[in-house]
Amino acid sequence: MKIAVIDGMGGSIGQHIILELRKKLPEDVEIIALGSNAIATGNMMKARANRGATGENAVKVCINEADVIMGSLSIVIPNSMMGELTPAMATAVAMAPGRKILLPLTYPRLDILGTTDTPLPRLIEQAVEMVMEIYEKEAGKDV
């Protein structure tokens, strides 16, 4: 299984996601850190991603490898993350065949109805639980 984690800005959300994935999943699960900038990628690599790449072309090329794609909802919104997430990146993520697990964190001009005020650490735990279910179903393994 390959999991792509996408983040921008300082990469703290992506870093936290990867740390939680590493706690729960076996080492043979490959995690690809895709940052919209080098700082985000570097911080995600510190969390023990297997590989990392930065920028629009890296996202467009690597995203199709992933079985699961994780990040905030902003990764499918053009020009989000203060403009770091380009329209081409958002399109590539949205069109990628991998299953998307998105945290409902957005920029100020977008309201998502039906969401709760769940703290970020709990949202990440829930996202990792979803990945565990996918892994167990597809790999036929008990983790």
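The values are calculated or read from the model by the stated rules, or taken from the named source; none is laboratory data. Because the structure is predicted, anything quoted here is derived from the model rather than measured. With ideal geometry, Cβ positions are generated from the backbone for all residues, glycine too; neighbour counts draw on all protein chains shown.
Test Met130 against the stated conditions and say whether it is over 17 Å from the mean Cα position of the chain (by Cα) and assigned to a helix (DSSP H, G or I). When the stated conditions are applied, Met130 does not pass them. If we keep just the residues of segment 130-143 that are at pLDDT 90 or above and in contact with a helix residue (DSSP H, G or I) (Cβ under 8 Å, 6 or more places away or on another chain), which is nearest to Glu65 (Cα to Cα)? Ranking the candidates gives Val131 first. When segment 66-88 is filtered for residues that are within 20 Å of Ile101 (Cβ to Cβ) and hydrophobic (A, V, I, L, M, F, W, C), the ones remaining, listed by number, are Ala66, Val68, Ile69, Met70, Leu73, Ile75, Val76, Ile77, Met81, Leu85.
Okay, residues lined up against (1) touching a strand residue (DSSP E or B) at 6+ places or on another chain (Cβ under 8 Å); (2) of a type in the set (D, E, K, R); (3) surrounded by 20 or more Cβ atoms within 10 Å (Cβ to Cβ):
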position: Lys46; (1), (2), (3): no, yes, no
position: Ile63; (1), (2), (3): yes, no, yes
position: Glu84; (1), (2), (3): no, yes, no
position: Leu105; (1), (2), (3): yes, no, no
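Taking the conditions (1) in contact with a helix residue (DSSP H, G or I) (Cβ under 7 Å, 6 or more places away or on another chain); (2) within 15 Å of Val128 (Cα to Cα); (3) in contact (Cβ under 8 Å) with a residue 40 or more places away in the chain in turn, Ile31 satisfies each one other than (3).
For segment 97-121, the set of residues classified as more than 19 Å from Ala66 (Cβ to Cβ) and either modelled with pLDDT of 95 or more or hydroxyl-bearing (Ser, Thr, Tyr) (or both) consists of Thr106, Tyr107, Thr115, Thr116, Thr118, listed by residue number.
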